[in-house]
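Have a look at the structure below, then the notes.
The values are calculated or read from the model by the stated rules, or taken from the named source; none is laboratory data. Predicted, not measured: the structure shown is a model, and the values here were computed from it. Here the Cβ positions follow ideal geometry from the backbone for every residue, glycine too, while neighbour counts run over all protein chains shown. Quick note on the areas: whole protein, heavy atoms, side chains included, nothing else; ligands and nucleic acids left out. Shrake-Rupley method; radii C 1.70, N 1.55, O 1.52, S 1.80 Å.
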Amino acid sequence: MRKFTSVHDVPDPAQWLWEVKELKQTPYAHKKLGENKVLGLIFLNPSLRTRMSTQRAAYNLGMQVMVLNMGQDSWQLEWEQGTIMDGAAQEHVKEAVNVISQYCDIIGVRSFPGLQNRETDYHEMVLNKFIQHSKVPVLSLESATKHPLQGFADLLTIEEYKKKQRPKVVLSWAPHPKALPQAVPNSFVEWMQAGEVDLVITHPEGYELDPAIVKDSPVEYRQDKAFEGADFIYAKNWSSYQEYGKILSKDPAWTITEQKMALTNSAHFMHCLPIRRNVIATDAVVDNSIVIPQAENRLWTAQLVLKKMLESL
Ligand code: SN0
(Lines give C-alpha, C1' and ligand atoms only; values in the text may rest on other atoms or scores of the structure.)
Protein backbone atom coordinates (compact mmCIF):
# COMPACT_ATOMS: atom_id res chain seq x y z
CA MET A 1 0.00 0.00 0.00
CA ARG A 2 1.67 3.21 -1.23
CA LYS A 3 -0.80 5.70 0.22
CA PHE A 4 -3.67 5.87 2.68
CA THR A 5 -5.61 9.07 2.04
CA SER A 6 -9.26 7.93 2.12
CA VAL A 7 -11.47 4.83 2.20
CA HIS A 8 -10.98 4.68 -1.57
CA ASP A 9 -7.40 3.50 -1.01
CA VAL A 10 -8.74 0.44 0.83
CA PRO A 11 -9.32 -2.51 -1.51
CA ASP A 12 -11.95 -4.19 0.72
CA PRO A 13 -13.17 -2.20 3.78
CA ALA A 14 -15.28 -5.16 5.06
CA GLN A 15 -12.18 -7.36 5.01
CA TRP A 16 -10.18 -4.68 6.87
CA LEU A 17 -12.89 -4.49 9.52
CA TRP A 18 -12.54 -8.21 10.09
CA GLU A 19 -8.73 -7.97 10.18
CA VAL A 20 -8.68 -5.04 12.62
CA LYS A 21 -10.89 -6.95 15.07
CA GLU A 22 -8.41 -9.82 14.94
CA LEU A 23 -5.46 -7.42 15.40
CA LYS A 24 -7.16 -5.96 18.49
CA GLN A 25 -7.17 -9.46 20.03
CA THR A 26 -3.50 -10.09 19.23
CA PRO A 27 -1.77 -6.67 19.26
CA TYR A 28 1.81 -7.98 19.52
CA ALA A 29 1.54 -10.81 17.00
CA HIS A 30 3.44 -8.81 14.36
CA LYS A 31 6.22 -7.36 16.53
CA LYS A 32 8.91 -8.56 14.08
CA LEU A 33 7.27 -6.89 11.07
CA GLY A 34 8.45 -3.41 12.03
CA GLU A 35 11.95 -4.34 13.17
CA ASN A 36 14.49 -1.74 11.94
CA LYS A 37 11.67 0.23 10.35
CA VAL A 38 11.03 3.87 11.20
CA LEU A 39 7.79 5.82 11.02
CA GLY A 40 8.05 9.59 10.56
CA LEU A 41 5.08 11.60 11.82
CA ILE A 42 4.98 15.11 10.39
CA PHE A 43 2.55 17.56 11.99
CA LEU A 44 1.68 20.89 10.46
CA ASN A 45 -1.17 21.21 13.01
CA PRO A 46 -1.93 20.13 16.60
CA SER A 47 -2.84 16.55 17.50
CA LEU A 48 -3.40 14.38 20.57
CA ARG A 49 -5.13 11.14 19.57
CA THR A 50 -3.65 10.82 16.09
CA ARG A 51 -0.14 11.48 17.35
CA MET A 52 -0.26 9.11 20.33
CA SER A 53 -2.37 6.32 18.80
CA THR A 54 -0.27 6.13 15.63
CA GLN A 55 2.94 6.20 17.69
CA ARG A 56 1.68 3.40 19.94
CA ALA A 57 0.46 1.45 16.90
CA ALA A 58 3.97 1.64 15.44
CA TYR A 59 5.52 0.43 18.72
CA ASN A 60 3.11 -2.54 18.79
CA LEU A 61 4.49 -3.50 15.37
CA GLY A 62 8.11 -3.17 16.57
CA MET A 63 8.77 0.11 14.71
CA GLN A 64 10.66 3.18 15.89
CA VAL A 65 9.00 6.59 15.55
CA MET A 66 10.29 10.10 14.82
CA VAL A 67 7.92 13.05 15.25
CA LEU A 68 8.45 16.42 13.61
CA ASN A 69 6.30 19.46 14.31
CA MET A 70 6.86 21.22 11.04
CA GLY A 71 7.14 24.98 11.01
CA GLN A 72 7.80 24.93 14.77
CA ASP A 73 10.79 22.59 15.00
CA SER A 74 11.97 22.68 11.38
CA TRP A 75 12.30 25.17 8.53
CA GLN A 76 9.36 26.94 6.98
CA LEU A 77 8.46 25.28 3.68
CA GLU A 78 7.92 26.68 0.19
CA TRP A 79 5.20 24.79 -1.73
CA GLU A 80 5.12 26.45 -5.15
CA GLN A 81 7.35 25.57 -8.12
CA GLY A 82 9.72 28.22 -9.46
CA THR A 83 9.43 30.67 -6.57
CA ILE A 84 12.39 32.98 -5.93
CA MET A 85 12.86 31.95 -2.32
CA ASP A 86 13.99 35.27 -0.87
CA GLY A 87 11.07 35.47 1.58
CA ALA A 88 10.19 33.69 4.83
CA ALA A 89 10.33 30.08 3.53
CA GLN A 90 13.82 28.59 3.87
CA GLU A 91 13.32 25.15 2.32
CA HIS A 92 11.34 23.71 -0.58
CA VAL A 93 8.92 20.84 0.05
CA LYS A 94 10.72 18.94 -2.72
CA GLU A 95 13.97 18.56 -0.78
CA ALA A 96 12.32 18.39 2.64
CA VAL A 97 10.05 15.42 1.85
CA ASN A 98 12.67 13.59 -0.23
CA VAL A 99 15.12 13.90 2.68
CA ILE A 100 12.55 12.75 5.26
CA SER A 101 11.90 9.69 3.11
CA GLN A 102 15.63 8.83 3.23
CA TYR A 103 15.36 8.49 7.03
CA CYS A 104 11.88 6.95 7.29
CA ASP A 105 10.23 3.83 5.87
CA ILE A 106 6.69 5.25 6.19
CA ILE A 107 5.65 8.90 6.49
CA GLY A 108 2.47 10.22 8.09
CA VAL A 109 1.41 13.82 7.55
CA ARG A 110 -1.23 16.10 9.07
CA SER A 111 -2.20 19.16 7.05
CA PHE A 112 -5.38 21.08 7.88
CA PRO A 113 -7.13 23.20 5.24
CA GLY A 114 -6.70 26.96 5.00
CA LEU A 115 -10.52 27.27 4.66
CA GLN A 116 -9.95 30.31 2.40
CA ASN A 117 -9.97 28.71 -1.04
CA ARG A 118 -12.08 25.61 -1.69
CA GLU A 119 -10.18 24.66 -4.86
CA THR A 120 -6.81 24.66 -3.09
CA ASP A 121 -8.10 22.66 -0.12
CA TYR A 122 -10.07 20.10 -2.16
CA HIS A 123 -7.05 19.56 -4.43
CA GLU A 124 -5.11 18.47 -1.32
CA MET A 125 -2.03 20.44 -2.32
CA VAL A 126 0.03 19.66 0.80
CA LEU A 127 -0.79 15.94 1.04
CA ASN A 128 -0.21 15.47 -2.69
CA LYS A 129 3.20 17.21 -2.55
CA PHE A 130 4.19 14.77 0.18
CA ILE A 131 3.04 11.82 -1.91
CA GLN A 132 4.77 13.24 -4.99
CA HIS A 133 8.15 13.84 -3.36
CA SER A 134 8.25 10.89 -0.95
CA LYS A 135 10.15 7.72 -1.84
CA VAL A 136 8.18 5.75 0.79
CA PRO A 137 4.46 5.16 1.53
CA VAL A 138 2.49 8.13 2.91
CA LEU A 139 -0.49 7.99 5.22
CA SER A 140 -2.84 10.87 5.99
CA LEU A 141 -3.04 11.91 9.63
CA GLU A 142 -5.94 14.23 8.58
CA SER A 143 -5.62 16.19 5.40
CA ALA A 144 -7.46 19.28 4.20
CA THR A 145 -10.62 17.34 3.32
CA LYS A 146 -10.34 13.80 4.78
CA HIS A 147 -9.55 12.07 8.08
CA PRO A 148 -9.50 8.42 7.02
CA LEU A 149 -7.94 7.02 10.22
CA GLN A 150 -10.85 8.57 12.13
CA GLY A 151 -13.49 7.25 9.74
CA PHE A 152 -12.05 3.75 9.98
CA ALA A 153 -12.07 3.88 13.82
CA ASP A 154 -15.65 5.19 13.73
CA LEU A 155 -16.82 2.29 11.57
CA LEU A 156 -15.07 -0.24 13.85
CA THR A 157 -16.73 1.34 16.91
CA ILE A 158 -20.19 1.17 15.33
CA GLU A 159 -19.54 -2.41 14.31
CA GLU A 160 -18.67 -3.27 17.94
CA TYR A 161 -21.62 -1.48 19.57
CA LYS A 162 -24.40 -2.16 17.08
CA LYS A 163 -27.32 -4.32 18.23
CA LYS A 164 -28.83 -4.86 14.79
CA GLN A 165 -27.42 -5.76 11.38
CA ARG A 166 -28.05 -2.31 9.83
CA PRO A 167 -28.13 0.35 12.54
CA LYS A 168 -29.45 3.86 11.87
CA VAL A 169 -26.49 6.23 12.13
CA VAL A 170 -27.04 9.99 12.27
CA LEU A 171 -24.30 12.49 11.51
CA SER A 172 -25.40 15.72 13.17
CA TRP A 173 -23.86 19.15 12.73
CA ALA A 174 -23.46 20.99 16.04
CA PRO A 175 -22.42 24.57 16.82
CA HIS A 176 -18.84 25.70 17.45
CA PRO A 177 -17.15 29.07 18.02
CA LYS A 178 -14.50 28.52 15.29
CA ALA A 179 -14.55 27.62 11.59
CA LEU A 180 -13.61 23.91 11.41
CA PRO A 181 -12.68 21.66 8.46
CA GLN A 182 -15.08 19.28 6.71
CA ALA A 183 -12.49 16.50 6.89
CA VAL A 184 -14.05 14.51 9.74
CA PRO A 185 -17.65 14.58 8.44
CA ASN A 186 -16.44 13.86 4.88
CA SER A 187 -14.57 10.75 6.00
CA PHE A 188 -17.37 9.69 8.33
CA VAL A 189 -19.81 9.77 5.41
CA GLU A 190 -17.41 7.82 3.17
CA TRP A 191 -16.74 5.08 5.74
CA MET A 192 -20.43 4.76 6.62
CA GLN A 193 -21.22 4.36 2.93
CA ALA A 194 -18.63 1.57 2.83
CA GLY A 195 -20.20 -0.15 5.86
CA GLU A 196 -23.52 -1.81 6.61
CA VAL A 197 -25.46 1.12 8.11
CA ASP A 198 -28.35 3.44 7.27
CA LEU A 199 -26.79 6.90 7.34
CA VAL A 200 -28.80 10.11 7.76
CA ILE A 201 -27.07 13.51 7.73
CA THR A 202 -28.63 16.46 9.55
CA HIS A 203 -27.48 20.09 9.53
CA PRO A 204 -28.87 23.61 9.10
CA GLU A 205 -29.38 24.79 5.52
CA GLY A 206 -26.15 26.09 4.02
CA TYR A 207 -24.04 23.35 5.65
CA GLU A 208 -24.43 20.84 2.81
CA LEU A 209 -21.24 18.79 2.40
CA ASP A 210 -19.55 18.18 -0.96
CA PRO A 211 -22.22 16.47 -3.16
CA ALA A 212 -19.48 14.26 -4.65
CA ILE A 213 -19.00 12.78 -1.16
CA VAL A 214 -22.62 12.74 0.08
CA LYS A 215 -23.90 11.08 -3.12
CA ASP A 216 -27.35 9.64 -2.37
CA SER A 217 -27.04 9.58 1.44
CA PRO A 218 -30.22 11.22 2.81
CA VAL A 219 -30.11 14.72 4.34
CA GLU A 220 -32.79 15.76 6.86
CA TYR A 221 -32.79 19.44 7.86
CA ARG A 222 -34.93 18.83 10.98
CA GLN A 223 -32.56 17.50 13.65
CA ASP A 224 -35.44 16.18 15.82
CA LYS A 225 -36.81 14.19 12.90
CA ALA A 226 -33.38 12.78 12.02
CA PHE A 227 -32.86 11.57 15.60
CA GLU A 228 -36.02 9.42 15.61
CA GLY A 229 -35.07 5.76 15.89
CA ALA A 230 -31.33 6.45 15.65
CA ASP A 231 -28.93 3.85 17.06
CA PHE A 232 -25.88 6.12 16.88
CA ILE A 233 -25.57 9.91 17.02
CA TYR A 234 -22.28 11.21 15.63
CA ALA A 235 -21.86 14.92 16.35
CA LYS A 236 -19.43 17.19 14.57
CA ASN A 237 -19.12 20.82 13.68
CA TRP A 238 -17.94 21.89 10.27
CA SER A 239 -17.78 25.18 8.43
CA SER A 240 -19.79 25.75 5.26
CA TYR A 241 -18.73 24.03 2.05
CA GLN A 242 -21.04 26.22 -0.07
CA GLU A 243 -19.94 29.55 1.41
CA TYR A 244 -16.54 28.08 1.82
CA GLY A 245 -15.02 28.17 5.31
CA LYS A 246 -17.74 30.47 6.70
CA ILE A 247 -19.63 30.11 9.99
CA LEU A 248 -23.29 30.54 9.02
CA SER A 249 -24.79 29.57 12.38
CA LYS A 250 -23.87 29.18 16.04
CA ASP A 251 -27.44 28.22 16.95
CA PRO A 252 -27.37 26.52 20.40
CA ALA A 253 -30.62 24.76 19.43
CA TRP A 254 -28.34 22.30 17.56
CA THR A 255 -26.33 21.36 20.70
CA ILE A 256 -26.87 17.66 21.53
CA THR A 257 -28.75 17.39 24.84
CA GLU A 258 -30.22 14.52 26.86
CA GLN A 259 -33.67 15.63 25.68
CA LYS A 260 -32.61 15.11 22.07
CA MET A 261 -30.95 11.78 22.84
CA ALA A 262 -34.31 10.70 24.33
CA LEU A 263 -35.80 10.92 20.81
CA THR A 264 -33.48 8.14 19.64
CA ASN A 265 -33.47 4.36 20.01
CA SER A 266 -31.20 4.70 23.11
CA ALA A 267 -28.48 5.80 20.70
CA HIS A 268 -24.79 5.76 21.51
CA PHE A 269 -23.26 9.23 21.28
CA MET A 270 -19.99 9.55 19.34
CA HIS A 271 -17.52 12.35 18.61
CA CYS A 272 -13.98 12.27 17.23
CA LEU A 273 -12.67 14.54 20.04
CA PRO A 274 -11.54 17.10 21.03
CA ILE A 275 -15.08 18.07 22.05
CA ARG A 276 -16.13 21.43 23.44
CA ARG A 277 -18.49 20.48 26.28
CA ASN A 278 -21.81 22.30 26.49
CA VAL A 279 -21.28 23.66 22.97
CA ILE A 280 -21.29 20.51 20.79
CA ALA A 281 -23.00 18.35 23.44
CA THR A 282 -23.90 18.73 27.11
CA ASP A 283 -21.80 17.24 29.92
CA ALA A 284 -24.38 14.50 30.54
CA VAL A 285 -24.34 13.42 26.88
CA VAL A 286 -20.54 13.30 26.73
CA ASP A 287 -20.28 11.49 30.08
CA ASN A 288 -22.73 8.79 28.90
CA SER A 289 -21.11 8.32 25.51
CA ILE A 290 -18.73 5.88 23.80
CA VAL A 291 -16.14 8.55 22.91
CA ILE A 292 -13.42 6.82 24.96
CA PRO A 293 -13.69 3.35 23.32
CA GLN A 294 -14.06 5.22 20.01
CA ALA A 295 -10.74 6.98 20.68
CA GLU A 296 -9.14 3.68 21.76
CA ASN A 297 -10.05 2.27 18.35
CA ARG A 298 -7.83 4.89 16.74
CA LEU A 299 -4.92 2.74 17.93
CA TRP A 300 -6.10 -0.52 16.32
CA THR A 301 -7.13 1.02 13.03
CA ALA A 302 -3.82 2.92 12.76
CA GLN A 303 -2.01 -0.34 13.53
CA LEU A 304 -3.76 -2.15 10.69
CA VAL A 305 -2.91 0.63 8.21
CA LEU A 306 0.76 0.56 9.28
CA LYS A 307 0.78 -3.25 9.10
CA LYS A 308 -0.55 -3.11 5.51
CA MET A 309 2.13 -0.58 4.58
CA LEU A 310 4.94 -2.59 6.24
CA GLU A 311 3.79 -5.72 4.40
CA SER A 312 4.11 -3.89 1.09
CA LEU A 313 7.64 -2.52 1.68
C1 SN0 B 1 -10.15 19.35 14.11
C2 SN0 B 1 -11.25 19.23 13.04
O3 SN0 B 1 -10.98 18.75 11.93
O4 SN0 B 1 -12.38 19.60 13.33
C5 SN0 B 1 -9.54 18.01 14.43
C6 SN0 B 1 -10.50 16.93 14.80
C7 SN0 B 1 -9.86 15.58 14.92
N8 SN0 B 1 -10.71 19.93 15.30
C9 SN0 B 1 -10.33 21.13 15.76
O10 SN0 B 1 -9.52 21.78 15.17
C11 SN0 B 1 -10.97 21.61 17.06
C12 SN0 B 1 -10.47 22.96 17.40
C13 SN0 B 1 -11.29 23.66 18.47
O14 SN0 B 1 -11.08 24.86 18.58
O15 SN0 B 1 -12.11 23.07 19.17
Margin query: Angle check, please: helix 49-60 long axis (alpha carbons) against the longest principal axis of the chain (alpha carbons), in degrees 0 to 90, nearest 10.
Written below: 60
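Accessible area of the chain with a 1.4 Å probe: how many percent of it is carbon plus sulfur?
Values: 6940 of 13820 Å².
The value for the chain is 50 percent carbon and sulfur by accessible area.
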Next item on the list: Please identify, among VAL99, VAL200, VAL136, the residue showing maximal mean-square fluctuation in a Gaussian network model of the chain using a 10 angstrom Cα cutoff.
Entry: VAL99
Next item on the list: Rounded to the nearest 10 degrees, what's the angle between the helix 13-25 long axis and the longest principal axis of the chain, both from Cα atoms, 0 to 90?
Entry: 80
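Would you mind counting up the charge near MET1? Only other residues with Cβ under 9 Å from its Cβ, with Lys and Arg at +1 and Asp and Glu at -1. Working shown, then result.
Working: positive: ARG2, LYS3, LYS308; negative: ASP9, GLU311.
Every neighbour counted, the sum reads +1.
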Next item on the list: Please report the base-10 log of the normalised intensity I(q)/I(0) for segment 149-295, using a Debye sum with one equal scatterer per alpha carbon and no solvent, at each q in 0.13, 0.15, 0.16, 0.19 (1/Å).
Entry: -0.49, -0.67, -0.78, -1.16
Next item on the list: In a Gaussian network model over the chain where Cα atoms closer than 10 Å are linked, find which of LYS164, LYS31, LYS178 has the largest mean-square fluctuation.
Entry: LYS164
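For segment 47-193, report the accessible area per residue in Å² (1.4 Å probe, heavy atoms, rounded to an integer).
Numbers: 6140 Å² over 147 residues.
Solvent-accessible surface per residue comes out at 42 Å².
Suppose only helical runs count, i.e. DSSP H with n ≥ 4. What mean residue ellipticity at 222 nm does that imply for the chain under -39500 (n - 2.57) per run, divided by all residues and rounded to the nearest 500 deg cm²/dmol?
Details: 12 runs with 115 residues, N = 313.
Calculated at 222 nm, the ellipticity per residue is -10500 deg cm²/dmol.
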Checklist line | Rounded, prolate or oblate (a/c below 1.5 giving rounded, otherwise prolate when a/b exceeds b/c) for segment 195-253 by Cα gyration tensor | finding: oblate
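Work through the residues other than ALA89 whose Cβ is under 14 Å from its Cβ and net out their charges, Lys, Arg +1 and Asp, Glu -1.
Local charge sum for ALA89: -3.
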Notebook entry, point to check: Could you give me the ³J(HN,Hα) list for segment 240-250, computed from phi with Karplus coefficients 6.51, -1.76, 1.60 and θ = phi - 60°, whole Hz, x at Gly and Pro?
Noted result: 5, 7, 5, 9, 3, x, 8, 8, 9, 8, 10
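Please state the charge dipole magnitude for segment 149-295, taken about the Cα centre, from unit charges on C-beta atoms (+1 on K and R, -1 on D and E), reported in debye and rounded to the nearest 20. All intermediate terms of the calculation are to be shown ahead of the outcome.
On the way: 15 positive and 19 negative charges, 47 e Å.
The calculated dipole for segment 149-295 is roughly 220 debye.
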Note to self: Looking at the chain as a GNM with Cα springs under 10 Å, which of ASN60, ASN128, ASN117 has the largest mean-square fluctuation?
What the structure shows: ASN117
Next item on the list: Taking 7 Å along the Cα-to-C-beta vector as the label spot, tell me the ILE247-ARG56 distance in nanometres, rounded to one decimal.
Entry: 3.2
Next item on the list: Beyond 25 Å between alpha-carbons counts as too far, so tell me which of LYS21/LYS129; LYS215/LYS307; LYS146/LYS178; LYS24/LYS225 fall in that bin.
Entry: LYS21/LYS129; LYS215/LYS307; LYS24/LYS225
Notebook entry, point to check: Lys/Arg Cβ at +1, Asp/Glu Cβ at -1, dipole of the chain taken about the Cα centre: which of LEU61, TYR241, TRP79 is farthest positive-ward?
Noted result: LEU61
Next item on the list: Specify whether the C-alpha gyration tensor of the chain places it in the rounded, prolate or oblate class, a ≥ b ≥ c being the square roots of the eigenvalues: rounded for a/c under 1.5, otherwise prolate if a/b is larger than b/c and oblate if not.
Entry: oblate
Checklist line | Vicinal HN-Hα couplings computed from phi for segment 161-176 (Karplus, 6.51 cos²θ - 1.76 cosθ + 1.60; Hz; Gly/Pro x) | finding: 9, 6, 10, 9, 4, 10, x, 8, 10, 10, 8, 10, 5, 9, x, 6
Note to self: Under the rule a/c < 1.5 gives rounded, and otherwise a/b versus b/c splits prolate from oblate, where does segment 81-206 land using the Cα gyration tensor?
What the structure shows: oblate
Check: In terms of modelled amide H atoms, which long-range or inter-chain residues lie less than 5 Å from the amide H of VAL65?
Finding: LEU39
Notebook entry, point to check: So how tilted is helix 93-103 from the main axis of the chain? Cα-based, degrees 0 to 90, rounded to 10.
Noted result: 80
